[in-house]
Amino acid sequence: MGETFSAMSGARTIGAERSKDCLFVYGTLLDAARLDAVLGGVTAWRDAGPATVAGILYDAGEFPALRLCADPRRRVPGRLIEFAEPAAALARIDVYEDVAGTGGLFARTRCRVRLARGGTTAAWVYVYVRRVRGLRRIAQWPPSPD
């Protein structure tokens, strides 16, 4: 039996053979309308629920900047997203996140994600690769006013 995914063109059902590649989102892509716009209809997606990663979040102005860390007590909240066609989705999101060799803002990497429903899984996440010196640490996106 298939599983229903949300898509810009409406919900559709896809087969059980779909890939389990997931993306942890923690910033601007938490907005479903923005995620739909970035994907441009190339694939269906499903919100697999709340999750966290070990990291530190910074306010970079128009977007948050995540740095992963080894301290499991430092958690950044977000959501786990599953795609019907992960390669197509990630290619579109790479462009949006400005992943471009040494000149980009972010790098896509795998990390362990702690699921709110219990357990962990591996997922892709976009990590900020520029300097964070001078950026304000925040608990979540969007940041709360000081």
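The values are calculated or read from the model by the stated rules, or taken from the named source; none is laboratory data. Note that the structure is a prediction, hence the values are computed from the model and not measured. So basically every Cβ, Gly included, is an ideal-geometry build from the backbone, and we count neighbours across all protein chains shown. Accessible surface areas use protein heavy atoms only, side chains included; no ligands, DNA or RNA. Shrake-Rupley method; radii C 1.70, N 1.55, O 1.52, S 1.80 Å.
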Arg79, sole failed condition from (1) open to solvent by less than 70 Å² (accessible area, probe 1.4 Å); (2) at pLDDT 95 or above: (1)
Among (1) among the charged types (D, E, K, R); (2) within 17 Å of Gly27 (Cα to Cα); (3) in a loop (DSSP other than H, G, I, E, B), the one test that Asp47 misses: (3)
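On the basis of being touching a residue at least 12 places away in the same chain (Cβ under 8 Å), closer than 20 Å to Gly40 by Cβ and small (Gly, Ala, Ser), does Ala88 make the cut?
The answer is yes for Ala88.
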When the range 87-146 is checked residue by residue, the ones that are open to solvent by 60 Å² or more (accessible area, probe 1.4 Å), in a strand (DSSP E or B) and out of contact with any Pro (no Cβ under 9 Å at 6 or more places or on another chain) are Arg108, Arg110, Arg112, Thr120, Arg137
How many residues does the range 93-141 contain that are free of Cβ contacts under 8 Å to residues at least 60 places away in the same chain and more than 13 Å from the chain's Cα centre (by Cα)? 16
Of the residues in the range 37-68, those that are open to solvent by 40 Å² or more (accessible area, probe 1.4 Å), under 15 Å from Arg137 (Cα atoms) and out of contact with any Phe, Trp or Tyr (no Cβ under 7 Å at 6 or more places or on another chain) come to Gly61, Glu62, Phe63, Leu68
Give just the number: which of (1) modelled with pLDDT of 95 or more; (2) farther than 17 Å from Pro72 by Cα does Asp146 not satisfy? (1)
